[in-house]
Amino acid sequence: MSGPDRSSDTGSAHDAGPKAGEPAHKTTAGFDPDEWLAWADKLKANGETVTSTRAVADGLAPSTTTAKRRLHTLRREHPGRF
């Protein structure tokens with residue numbers, strides 16, 4: 001007795017890395033890393049501190065929780081900029 005024919009399978013949930021044409025990581029809706037980095041650079045240039053509260057006040061995030069999550073990601077990916 002043989003199992004189901006899997007010759008047409010295109011992959012599994014365990015495939016590593018992005019597929020051709022896909023970005024290396026997904027961004028969440030409304031999250032533009034370049035916009036956040038420009039905002040952070042502007043604050044730093046003015047001697048101000050980059051905070052989640054400031055991100056909400058400046059309209060980059062709808063809540064401090066979202067801002068904290070996004071800032072964490074950016075700080076991890078761009079450690080020298082913060």
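The values are calculated or read from the model by the stated rules, or taken from the named source; none is laboratory data. Everything numeric here is computed off the predicted structure, so don't read it as measured data. When we count neighbours, we look across all protein chains shown, and the Cβ atoms used for this are built from the backbone with ideal geometry, even at glycine.
Details
- Here the condition is being modelled with pLDDT under 55, touching a Pro at 6+ places or on another chain (Cβ under 9 Å) and aliphatic (A, V, I, L, M); of A24, A20, A16, it holds for A24 alone.
- Condition met for S52 (hydroxyl-bearing (S, T, Y), in contact with a Leu (Cβ under 8 Å, 6 or more places away or on another chain) and either at pLDDT below 95 or surrounded by 11 or more Cβ atoms within 10 Å (Cβ to Cβ) (or both)): yes
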